[in-house]
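Asks: Have a look at this one before I ask anything.
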């Protein structure tokens with residue numbers, strides 16, 4: 001390959017345009033996969049855009065109407081004149097194979113864009129001010145943008161009968177799993193409400209600081225590992241280091257207070273519990289060593305493209321995950337956006353796309369606006385999501401954490417946490433009450449039979 005090589009197929013471009021002139025009905029198929037800029041020659045871009053303008057106005061585009069339209073809008077002689085349009089029509093015997101030609105044009109277009117990206121990166125590297133991190137971030141942004149553009153060339157339509165067959169298979173799988181069609185959360189009431197965390201869903205877990213977002217998210221990850229013993233979990237921790245997460249995990253599983261664990265000031269019984277927990281956990285292959293199923297990535301600087309690239313790499317190395325967790329969403333950066341609202345919207349779409357691509361739920365932890373602190377009832381709602389309404393729109397499931405003891409130290413609801421399901425695209429909403437033990441940052445279900453006296457706020461057993 002030489003430096004002057006340009007990926008393109010003029011013959012395929014001509015066949016697409018000629019086929020459309022012969023059969024206007026193929027336009028609706030072609031326009032889903034091609035844009036004007038996908039054509040390498042300027043004359044072909046003008047012809048395709050003219051076809052688009054005629055199609056939008058409800059007019060046919062044949063040799064006569066197309067030449068008239070181009071003559072009004074452009075210098076038709078500079079584009080080859082009427083003769084070139086006639087040649088396109090004449091040299092295309094039929095539109096039968098038009099979609100094969102469309103795919104060739106789309107692939108060549110993507111290769112040209114990759115070529116341009118590579119040339120730009122070479123120029124970036126040659127800049128006196130270039131740094132490896134800056135060039136890498138630029139490459140990630142450009143490649144992510146191209147991958148998103150490439151989705152235009154992918155078709156995902158399915159017939160009603162095929163969709164019904166797929167739905168039936170999912171129902172049968174759910175029946176075999178006792179009604180659980182998604183990844184179990186380990187909280188029976190939450191699983192009954194959601195049927196588990198569903199593949200392809202974007203799930204938001206949001207709360208004010210000190211409510212326990214990371215603790216509950218980590219609990220959901222560990223429960224997924226226990227319930228799906230042949231699948232992995234990917235945990236992208238942008239806020240906390242791997243070591244901090246390990247300490248939290250050990251505290252939760254061994255029931256050794258986190259403060260004592262951090263200081264190493266433990267008695268013999270606590271050391272014994274910790275050692276036993278580490279042995280069991282590592283032996284099961286759920287955390288460390290060979291056969292690792294909990295993949296922790298604590299890279300402190302993440303973009304949508306870098307996160308997606310890492311997730312794809314982990315799928316190749318460790319298999320498809322039952323859950324991906326991101327802690328937390330607002331720490332991801334998408335520098336190309338004009339403002340923070342657009343940045344969060346782009347991040348939200350990228351996480352949603354990642355879940356659909358990998359066929360697993362994506363659990364994104366999120367901050368809340370401070371306005372929740374100004375209300376008498378500080379239980380959060382969807383309007384409290386920070387930075388963007390796109391979060392509420394894109395999410396399939398939204399959950400909030402509320403612990404009354406954070407605001408009211410004298411409350412009778414000590415040790416009680418509320419998981420508020422405020423949005424569920426495919427199911428009901430409501431509130432589930434669970435136990436929270438701050439010594440171990442541990443969320444766990446209450447035993448069946450617990451009720452809550454809301455007049456006094458305390459829990460009791462029937």
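Asks: Taking the Cβ of each residue in 227, 53 as the centre, tally the other Cβ atoms inside 10 Å and list the residues starting with the fewest. Please list the in-between numbers first.
Replies: On the way: 227 17, 53 14.
Listing 227, 53 from fewest to most nearby Cβ atoms yields 53, 227.
Asks: What percent does the relative contact order of segment 10-153 come to when contacts are Cα pairs within less than 8 Å and at least six residues apart?
Replies: Details: 120 pairs, mean separation 49.5, N = 144.
With pairs under 8 Å counted, the relative contact order is 34 percent.
Asks: Let me ask something else. How would you classify segment 78-130 from its alpha-carbon gyration tensor, with a ≥ b ≥ c the square roots of the eigenvalues: rounded for a/c under 1.5, else prolate if a/b is greater than b/c, otherwise oblate? Could the numbers behind the result be given before it?
Replies: Numbers: a/c = 8.67, a/b = 2.27, b/c = 3.81.
The shape class here is oblate.
Asks: Show me 205-213, 254-262 ranked by packing, highest mean number of other Cβ atoms within 10 Å first. Spell out each step's value before the answer.
Replies: On the way: 205-213: 20.0, 254-262: 16.9.
With the highest mean Cβ count within 10 Å placed first, the list reads 205-213, 254-262.
Asks: Let me make sure I get this right: for segment 289-399, a, b and c are the square roots of the gyration tensor eigenvalues over alpha carbons, sorted descending. Under 1.5 in a/c it's rounded, otherwise prolate if a/b > b/c, else oblate. Which is it? Could the numbers behind the result be given before it?
Replies: Numbers: a/c = 2.17, a/b = 1.70, b/c = 1.27.
Verdict is prolate for segment 289-399.
Asks: Could you tell me which of rounded, prolate or oblate describes segment 10-153, using a ≥ b ≥ c as the square roots of the eigenvalues of the alpha-carbon gyration tensor, with rounded for a/c under 1.5 and, failing that, prolate when a/b is larger than b/c and oblate otherwise?
Replies: Values: a/c = 2.70, a/b = 2.14, b/c = 1.26.
Because a/c hits 1.5 or more and a/b exceeds b/c, segment 10-153 counts as prolate.
Asks: Rank the residues 125, 10 as a footprinting-exposure proxy: fewest other Cβ atoms within 10 Å of their Cβ go first. Mind dumping the intermediate values first?
Replies: Details: 125 10, 10 13.
Result, fewest neighbours first: 125, 10.
Asks: Give me the number: length gained by fully extending residue 62 to residue 96, i.e. 0.36 nm times residue separation minus the C-alpha to C-alpha distance, one decimal in nm. The partial results should precede the final answer.
Replies: Working: separation 34, 0.36 × 34 = 12.24 nm, distance 1.71 nm.
Stretched out fully, the residue 62 to residue 96 stretch lengthens by 10.5 nm.
Asks: May I pose another question? Ranked by Cβ crowding within 10 angstrom, fewest neighbours first, how are 434, 326, 122 ordered?
Replies: On the way: 434 20, 326 26, 122 10.
Going from sparsest to densest Cβ surroundings: 122, 434, 326.
Asks: Something else about it: Take the alpha-carbon centre of segment 358-373, take the same for segment 35-62, and report the distance between them in whole Å.
Replies: Here the answer is 43 Å between Cα centres.
Asks: A further question on this structure: How do the peptides 302-312, 34-44 rank, highest first, by the average count of neighbouring beta carbon atoms within 10 Å per residue? Walk me through the intermediate numbers first.
Replies: On the way: 302-312: 20.2, 34-44: 17.7.
Ranked by mean Cβ neighbours within 10 Å, highest first: 302-312, 34-44.
Asks: Using a Förster radius of 41 Å, what is the FRET efficiency between residue 226 and residue 378 based on their Cβ-Cβ separation? Nearest 0.05, please.
Replies: So the FRET efficiency works out to roughly 0.80.
Asks: If I stretch the segment between residue 6 and residue 37 completely, what's the gain in nm (0.36 nm per residue apart, minus their alpha carbon distance), one decimal?
Replies: Values: separation 31, 0.36 × 31 = 11.16 nm, distance 1.45 nm.
So the chain would gain 9.7 nm between residue 6 and residue 37.
Readers should treat all values here as calculations from the given coordinates under stated rules, not as data from a laboratory. Here the structure is a predicted model, which is why all the values come from computation and not from measurement. Cβ coordinates were reconstructed from backbone atoms using ideal geometry, including for glycine residues, and neighbour counts include every protein chain displayed.
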